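The values are calculated or read from the model by the stated rules, or taken from the named source; none is laboratory data. As the structure is a computational prediction, the values presented were derived from the model and not from experiment. Positions of Cβ are generated from backbone atoms using ideal geometry, with glycine treated the same way; all protein chains shown enter the neighbour counts.
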Amino acid sequence: MISVRTSRINTLKAPYSTHTPSFYCGKIPLCLMHGIKQVFLTSDELKELTGFERASAQMRWLRQHCFPFEVGGDNVPKVLRSYVVSRFGGGAREVSNQRPRIRLP
(Lines give C-alpha, C1' and ligand atoms only; values in the text may rest on other atoms or scores of the structure.)
Protein backbone atom coordinates (compact mmCIF):
# COMPACT_ATOMS: atom_id res chain seq x y z
CA MET A 1 0.00 0.00 0.00
CA ILE A 2 1.39 3.40 -0.99
CA SER A 3 0.83 6.41 1.15
CA VAL A 4 0.51 9.64 -0.82
CA ARG A 5 0.79 12.92 1.03
CA THR A 6 -1.48 15.52 -0.54
CA SER A 7 -1.14 18.17 2.15
CA ARG A 8 0.31 18.59 5.62
CA ILE A 9 -2.91 17.33 7.18
CA ASN A 10 -4.32 14.65 4.89
CA THR A 11 -2.71 11.41 3.82
CA LEU A 12 -4.42 9.26 1.19
CA LYS A 13 -3.89 5.53 1.01
CA ALA A 14 -4.11 3.99 -2.44
CA PRO A 15 -4.05 0.17 -2.28
CA TYR A 16 -4.70 -0.13 -6.03
CA SER A 17 -1.65 1.83 -7.14
CA THR A 18 1.91 0.58 -7.49
CA HIS A 19 3.32 3.90 -8.74
CA THR A 20 3.33 7.42 -7.46
CA PRO A 21 0.47 9.45 -9.01
CA SER A 22 2.58 11.41 -11.45
CA PHE A 23 3.41 11.06 -15.11
CA TYR A 24 7.00 10.08 -14.39
CA CYS A 25 8.28 7.31 -12.19
CA GLY A 26 11.96 8.01 -11.77
CA LYS A 27 13.31 8.76 -15.25
CA ILE A 28 10.90 6.51 -17.19
CA PRO A 29 7.44 7.81 -18.18
CA LEU A 30 4.69 5.63 -16.74
CA CYS A 31 3.10 5.19 -20.16
CA LEU A 32 6.29 3.48 -21.37
CA MET A 33 6.45 1.27 -18.29
CA HIS A 34 2.94 -0.01 -18.99
CA GLY A 35 3.57 -0.60 -22.70
CA ILE A 36 1.47 2.31 -23.94
CA LYS A 37 2.85 4.34 -26.84
CA GLN A 38 3.73 7.96 -26.24
CA VAL A 39 0.74 10.28 -26.39
CA PHE A 40 2.45 13.10 -28.30
CA LEU A 41 4.71 13.11 -31.35
CA THR A 42 8.41 13.30 -30.55
CA SER A 43 10.43 16.31 -31.72
CA ASP A 44 11.93 14.24 -34.55
CA GLU A 45 8.49 13.09 -35.69
CA LEU A 46 7.21 16.65 -35.56
CA LYS A 47 10.16 17.79 -37.70
CA GLU A 48 9.41 15.00 -40.18
CA LEU A 49 5.71 15.88 -40.32
CA THR A 50 6.13 19.63 -40.78
CA GLY A 51 9.52 19.82 -42.48
CA PHE A 52 10.61 22.55 -40.07
CA GLU A 53 12.90 22.59 -37.03
CA ARG A 54 11.84 25.88 -35.41
CA ALA A 55 8.77 25.66 -33.19
CA SER A 56 7.22 28.84 -34.65
CA ALA A 57 7.50 27.44 -38.19
CA GLN A 58 6.06 24.11 -37.02
CA MET A 59 3.07 25.88 -35.44
CA ARG A 60 2.48 27.90 -38.60
CA TRP A 61 2.53 24.70 -40.71
CA LEU A 62 0.20 22.91 -38.27
CA ARG A 63 -2.30 25.81 -38.43
CA GLN A 64 -2.16 25.96 -42.23
CA HIS A 65 -2.84 22.23 -42.50
CA CYS A 66 -5.55 22.20 -39.77
CA PHE A 67 -3.73 19.97 -37.28
CA PRO A 68 -4.91 20.60 -33.70
CA PHE A 69 -2.09 21.21 -31.23
CA GLU A 70 -1.35 22.77 -27.87
CA VAL A 71 1.74 24.78 -26.98
CA GLY A 72 3.68 23.32 -24.06
CA GLY A 73 5.53 25.19 -21.36
CA ASP A 74 8.68 24.86 -23.44
CA ASN A 75 6.94 26.77 -26.27
CA VAL A 76 6.93 23.67 -28.51
CA PRO A 77 3.74 22.41 -30.18
CA LYS A 78 2.28 19.19 -28.77
CA VAL A 79 0.44 17.08 -31.35
CA LEU A 80 -1.56 13.99 -30.41
CA ARG A 81 -0.15 10.87 -32.01
CA SER A 82 -3.63 9.32 -32.30
CA TYR A 83 -4.88 12.27 -34.38
CA VAL A 84 -1.96 12.04 -36.81
CA VAL A 85 -2.40 8.28 -37.19
CA SER A 86 -6.14 8.60 -37.82
CA ARG A 87 -5.66 11.55 -40.20
CA PHE A 88 -3.32 9.52 -42.38
CA GLY A 89 -5.63 6.51 -42.40
CA GLY A 90 -3.97 4.38 -39.77
CA GLY A 91 -6.24 1.93 -38.03
CA ALA A 92 -9.00 2.43 -40.61
CA ARG A 93 -10.43 -0.75 -42.06
CA GLU A 94 -12.01 -1.07 -45.43
CA VAL A 95 -15.69 -1.84 -45.11
CA SER A 96 -17.06 -4.17 -47.70
CA ASN A 97 -20.64 -3.74 -48.89
CA GLN A 98 -20.82 -7.37 -50.02
CA ARG A 99 -22.73 -9.86 -47.95
CA PRO A 100 -20.87 -12.97 -46.80
CA ARG A 101 -21.22 -15.94 -49.12
CA ILE A 102 -22.11 -19.26 -47.63
CA ARG A 103 -20.77 -22.35 -49.35
CA LEU A 104 -22.78 -25.50 -48.81
CA PRO A 105 -21.40 -28.95 -49.61
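Inspection of region 52-65 finds a residue satisfying the criterion of being touching a helix residue (DSSP H, G or I) at 6+ places or on another chain (Cβ under 6 Å), surrounded by 13 or more Cβ atoms within 10 Å (Cβ to Cβ) and either at pLDDT below 65 or assigned to a loop (DSSP other than H, G, I, E, B) (or both). A Cβ distance below 6 Å, combined with a sequence gap of six or more or placement on separate chains, defines the contacts here; from region 36-65, residues that are among the small types (Gly, Ala, Ser) reach residues that are exposed (fewer than 12 other Cβ atoms within 10 Å of the Cβ) in the pairs ALA55/ASN75.
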